[in-house]
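Structure, as structure tokens:
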Amino acid sequence: MEMIRELKMEDTEEIKKMVLAIFSEEPWNDVWTDEQLHLYVLELIGGSNSLAFGLYKDDLLVGISLGRVRHWCRGTEYWMDEFGILPEEQNRGLGTDFLQMIERALLERDITEIVLLTERTVYACNFYKMNGFEEKEEQVFMAKSLS
């Protein structure tokens, strides 16, 4: 049986293992040093507005949602920085179930919108669209390399 719970600082090591397991493989192929990963996870779960959820299956962490709460003129938003299910648990409906559990937990907190960034060319984009997310064509993601 699956259940969610809010993740806290004491879950840092477990979260780091999840990030590596989920995002070190295709299509992301992230390469982390232990120090960079540790700092990244602390940034995501250690802020005053951080909000992280874990999906547990038989007491094992199989999914994560790491993000933050942002108060905005249209209401309170959950900015989801990382969302993932362990590769061996994917394609079984757990991601959709996890999103629905998160949505219920957010509504209980009067959070009215989930915001995220993903790449158009990976399966995650279609997953989010299948789960009711829409592209916002009036916005553009921009970056500038400083190298």
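Quick look at the values:
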| quantity | calculated |
| --- | --- |
| Sequence-distant aspartates and glutamates (8 or more away, or on other chains) whose Cα lies within less than 17 Å of LYS57 | GLU2, GLU6, ASP11, GLU14, GLU88, GLU89, ASP97 |
| Residue-normalised accessible area of the chain, expressed per residue, 1.4 Å probe, Å² | 66 Å² |
| Carbon and sulfur %, accessible surface of region 16-90 computed with the full protein complex present, 1.4 Å | 51 percent |
| Restricting region 81-123 to GluC sites (Glu not before Pro) in coil, as DSSP defines it, with at most 11 other Cβ within 10 Å | GLU119 |
| Backbone HN-Hα couplings from phi across region 82-90 [Karplus 6.51/-1.76/1.60, Hz, Gly and Pro as x] | 9, 9, x, 10, 3, x, 6, 9, 6 |
| Unit charges on C-beta of K, R, D, E only; dipole of region 21-108, Debye | 500 debye |
| Accessible-area value, MET3, 1.4 Å probe, nucleic acids and ligands omitted, Å² | 90 Å² |
| For the chain, average projected area of the Cα convex hull in nm² | 10.0 nm² |
| DSSP H segments from the chain that extend 15 Å or more along their own axis, Cα-based, with Kyte-Doolittle mean of 0.0 or above | 12-23, 34-45, 94-108 |
| The chain: calculated mean residue ellipticity at 222 nm from DSSP helix runs of at least 4, using -39500 (n - 2.57) | -10000 deg cm²/dmol |
| Spin-label pair TRP32/ALA143, simplified geometry with 7 Å Cα→Cβ offset, distance in nm | 1.7 nm |
| Signed unit charges on C-beta, dipole axis of the chain, positive-most listed residue SER65, ALA143, GLY46 | ALA143 |
| Listed residue (THR118, ASN29, MET3) projecting farthest to the positive dipole end of the chain, Cβ model | THR118 |
| Length-normalised contact order for region 1-105 - Cα pairs under 8 Å, 6+ apart - percent | 26 percent |
| Size of electric dipole in region 107-147: Cβ of Lys, Arg +1 and of Asp, Glu -1, about Cα centre, debye, nearest 20 | 240 debye |
| Extension gain (nm, one decimal) between GLU108 and LYS136, 0.36 nm per residue minus Cα-Cα | 7.5 nm |
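The values are calculated or read from the model by the stated rules, or taken from the named source; none is laboratory data. Since this is a predicted model, take the numbers as computed values, not measurements. Cβ coordinates were reconstructed from backbone atoms using ideal geometry, including for glycine residues, and neighbour counts include every protein chain displayed. These area figures cover heavy atoms from the full protein model, side chains too; ligands, DNA and RNA do not enter into them. Shrake-Rupley method; radii C 1.70, N 1.55, O 1.52, S 1.80 Å.
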